[in-house]
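Enquirer: Dumping the structure here so I can ask a few things about it.
The values are calculated or read from the model by the stated rules, or taken from the named source; none is laboratory data. Predicted model, so just to flag it, every value in this text is computed and none were measured. FYI the Cβ positions are ideal-geometry reconstructions off the backbone, even for glycines, and counts take in every protein chain you see.
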Amino acid sequence: MTATTTPDYPSIDAADLPYLPVADPTFSVQSAAVREARDAGWCARTPYGLAILRYEQVNRLLKDRRLRQGSWAWPQHNGVEGPFAQWWAGWLLNKEGQDHARLRRLLNPAFSPKLLAALSPRFVALANELIDGFAPAGQCDFVSDFAEPYAARVIAIMLGIPEQEWPKIAEDSATLGLALGVTFKQELPRIEAALESLFAYAEQLIADRQAHPKDDFVTRLVQAQRDDDRMTHQELLDSLALLIFGGFDTTRNQLGLAIKTFLDHPDQWKLLAEHPELGGTAVEEVMRVNPAVTWVTREALDDFEFQGLAIKAGTTVHLFSESAGTDPRTVENPQFDITATGRPPHFGFGGGAHHCLGHFVARSDMSVALPILARRMPDLRLGGEADWMPLSGNTGANSLPLAFSAGH
């Protein structure tokens with residue numbers, strides 16, 4: 001008898017589980033309803049399937065081989081077919097088994113730590129340049145004045161393309177990001193137009209690097225091969241479009257959520273300004289308590305039992321990142337603290353075989369940016385009404401007006 005069928009766990013009737021309406025745009029993964037459900041037990045029902053709420057169970061199920069990556073079914077859950085659904089199915093994230101391992105092996109060299117280390121001074125210069133544009137006024141819209149251009153220009157720097165083309169990257173990627181939220185189907189025409197535009201852009205980049213190789217990220221992808229194995233043109237196109245979109249969307253949204261978190265903890269903002277070496281820890285803490293990816297998705301491959309709960313094949317399982325990361329049963333003193341040490345790993349980048357391939361990039365550019373922002377934007381406060389995406393699925397700010405002491 002395996003550990004997951006041990007009689008130590010009482011039987012759970014799924015009908016008795018709390019219900020969380022995660023498809024409702026007004027629902028919040030940080031709501032009292034989620035906290036109450038987590039206090040009551042480790043799981044809940046949702047319109048999509050199950051929600052896993054506690055750290056121990058999220059950690060175990062992320063690595064459980066009876067589950068596959070579940071986001072592949074997201075278009076189907078929303079009744080979406082066509083070009084976007086086809087691209088979605090081709091993502092590395094939504095591949096399994098040998099296909100997933102092969103693509104990950106081929107893509108890994110493009111994320112060389114040596115390349116990222118060499119780019120760090122450029123990220124520092126970029127952050128300061130953007131802040132120079134609004135620091136004298138002591139106010140900004142953080143999303144349009146910093147998060148969007150910073151995220152898009154980081155992608156441009158990595159891809160070796162002219163940085164002035166960042167608005168194109170930002171516009172298409174931000175529109176594609178709507179597919180990860182609960183308003184997906186309503187936004188489908190805009191999403192598919194953005195995907196077509198991004199594919200055309202990726203085709204131009206690939207053709208250029210095939211004709212004129214450079215020492216950059218795109219050339220590494222174009223030349224990616226191992227043991228005489230090479231990506232197909234469609235795999236290369238799908239991967240490049242995903243890397244442009246994913247690199248922008250995650251960084252932009254996570255930076256906005258970082259500012260939201262620090263607005264609630266001004267003492268931590270001041271501390272970060274005084275101790276920039278805490279930038280890396282600040283990123284980890286923000287992603288623990290306020291991740292842009294609010295849940296990681298899996299799907300049951302077969303019928304099985306887990307800690308007393310019967311899970312049927314095909315069941316979608318949402319692993320709630322923030323709920324797990326703030327679970328007091330595992331995380332001692334779970335309040336936000338950038339000086340905390342010994343925290344268990346958060347799930348903001350997923351986990352297991354599908355751990356985010358670009359996590360080093362996101363960690364690098366955000367750990368550079370946050371201490372600079374803290375030093376140059378003291379006395380940070382809201383400067384108006386912010387506009388936030390629904391706090392479920394993938395989330396972030398559409399606009400975030402800020403005020404601070406000018407001139408730093």
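Enquirer: Here is a list of conditions, (1) within 26 Å of ILE52 (Cβ to Cβ); (2) modelled with pLDDT of 95 or more; (3) not in a loop (DSSP other than H, G, I, E, B), and ALA313 meets all of them except one; can you say which number that is?
Expert: All conditions pass for ALA313, except number (3).
Enquirer: Could you look through the stretch 319-339, keep only residues that are of a type in the set (S, T, N, Q) and not in a loop (DSSP other than H, G, I, E, B), and pick out the one that is nearest to GLU299 (Cα to Cα)?
Expert: Among those that are of a type in the set (S, T, N, Q) and not in a loop (DSSP other than H, G, I, E, B), it is SER321.
Enquirer: Could you list all residues from the stretch 100-120 that are of a type in the set (D, E, K, R) and at pLDDT below 70?
Expert: none
Enquirer: Something else now. On the given criteria, is PHE349 modelled with pLDDT under 90, of a type in the set (Phe, Trp, Tyr) and buried (at least 20 other Cβ atoms within 10 Å of the Cβ)?
Expert: Yes, satisfied.
Enquirer: Okay, next question. Among the numbered conditions (1) within 21 Å of PHE111 (Cα to Cα); (2) touching a residue at least 60 places away in the same chain (Cβ under 8 Å), tell me where THR183 comes up short.
Expert: (1)
Enquirer: Yes or no: the stretch 168-181 includes at least one residue that is over 19 Å from the mean Cα position of the chain (by Cα) and either part of a helix (DSSP H, G or I) or closer than 23 Å to LEU255 by Cα (or both).
Expert: Scanning the stretch 168-181 turns up at least one residue that is over 19 Å from the mean Cα position of the chain (by Cα) and either part of a helix (DSSP H, G or I) or closer than 23 Å to LEU255 by Cα (or both).
Enquirer: Given the options LEU61, LEU20, name the one that is over 16 Å from GLN307 (Cβ atoms) and surrounded by 14 or more Cβ atoms within 10 Å (Cβ to Cβ).
Expert: Answer to the selection: LEU20.
Enquirer: Taking the stretch 391-406 as the region of interest, how many residues are in contact with an Asp or Glu (Cβ under 6 Å, 6 or more places away or on another chain) and modelled with pLDDT under 90?
Expert: Total satisfying the criteria: 0.
Enquirer: Another question about this same structure. Restricting to the stretch 8-17, and then to whatever is loosely packed, with under 14 Cβ neighbours inside 10 Å and in contact (Cβ under 8 Å) with a residue 60 or more places away in the chain, can you tell me which residue is nearest to ALA179 (Cα to Cα)?
Expert: SER11
Enquirer: So, in the stretch 64-80, exactly how many residues are surrounded by fewer than 21 Cβ atoms within 10 Å (Cβ to Cβ), modelled with pLDDT of 80 or more and touching a helix residue (DSSP H, G or I) at 6+ places or on another chain (Cβ under 7 Å)?
Expert: Count: 3.
This table checks each residue for (1) in a loop (DSSP other than H, G, I, E, B); (2) touching a Ser or Thr at 6+ places or on another chain (Cβ under 9 Å); (3) closer than 22 Å to THR330 by Cα.
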| residue | (1), (2), (3) |
| --- | --- |
| TYR9 | yes, no, yes |
| ASP24 | yes, yes, no |
| GLU36 | no, no, yes |
| ASN59 | no, yes, yes |
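Enquirer: Considering only the stretch 309-330, I want to know if a residue exists there that is under 29 Å from LEU263 (Cα atoms) and of a type in the set (Lys, Arg).
Expert: Yes, because at least one residue in the stretch 309-330 is under 29 Å from LEU263 (Cα atoms) and of a type in the set (Lys, Arg).
Enquirer: Evaluate the following for ALA362: is it among the small types (Gly, Ala, Ser) and crowded, with 21+ Cβ neighbours inside 10 Å?
Expert: yes
Enquirer: List pairs: first in the stretch 81-110 and farther than 14 Å from LEU221 by Cβ, second loosely packed, with under 14 Cβ neighbours inside 10 Å and at pLDDT below 80, Cβ under 6 Å, 6+ apart or cross-chain?
Expert: Partner pairs satisfying both residue conditions: none exist.
Enquirer: When the residues of the stretch 159-192 are narrowed to those that are of a type in the set (Ser, Thr, Tyr) and surrounded by fewer than 21 Cβ atoms within 10 Å (Cβ to Cβ), which ends up farthest from ALA258 (Cα to Cα)?
Expert: THR183
Enquirer: Let me ask you something else. Yes or no: the stretch 44-54 includes at least one residue that is touching a Gly at 6+ places or on another chain (Cβ under 7 Å), part of a loop (DSSP other than H, G, I, E, B) and surrounded by 13 or more Cβ atoms within 10 Å (Cβ to Cβ).
Expert: No, that holds for no residue.
Enquirer: Then there is this: Is it the case that ASP8 is under 18 Å from ILE311 (Cα atoms) and among the acidic types (Asp, Glu)?
Expert: Yes: the conditions hold for ASP8.
Enquirer: Select from the stretch 308-336 the residues that are buried (at least 18 other Cβ atoms within 10 Å of the Cβ) and acidic (Asp, Glu) and list them in ascending order.
Expert: GLU322, ASP327
Enquirer: Pick from LEU243, LEU272: which is crowded, with 18+ Cβ neighbours inside 10 Å and within 14 Å of the chain's Cα centre (by Cα)?
Expert: LEU243
Enquirer: Further question on the same structure: Given the condition closer than 20 Å to LEU236 by Cβ, part of a helix (DSSP H, G or I) and in contact (Cβ under 8 Å) with a residue 60 or more places away in the chain, answer yes or no: does some residue in the stretch 115-137 qualify?
Expert: Scanning the stretch 115-137 turns up at least one residue that is closer than 20 Å to LEU236 by Cβ, part of a helix (DSSP H, G or I) and in contact (Cβ under 8 Å) with a residue 60 or more places away in the chain.
Enquirer: Considering (1) surrounded by fewer than 20 Cβ atoms within 10 Å (Cβ to Cβ); (2) at pLDDT 85 or above, say which one THR2 fails and leave the rest.
Expert: Result: THR2 passes all but (2).
Enquirer: Of the conditions (1) buried (at least 17 other Cβ atoms within 10 Å of the Cβ); (2) under 20 Å from the mean Cα position of the chain (by Cα); (3) at pLDDT 75 or above, ALA89 fails just one. Which one is it?
Expert: That leaves (1) as the condition not met.
Enquirer: Give the residue, chosen from ALA156, ALA127, ALA147, ALA135, that is modelled with pLDDT under 90 and surrounded by 15 or more Cβ atoms within 10 Å (Cβ to Cβ).
Expert: ALA156
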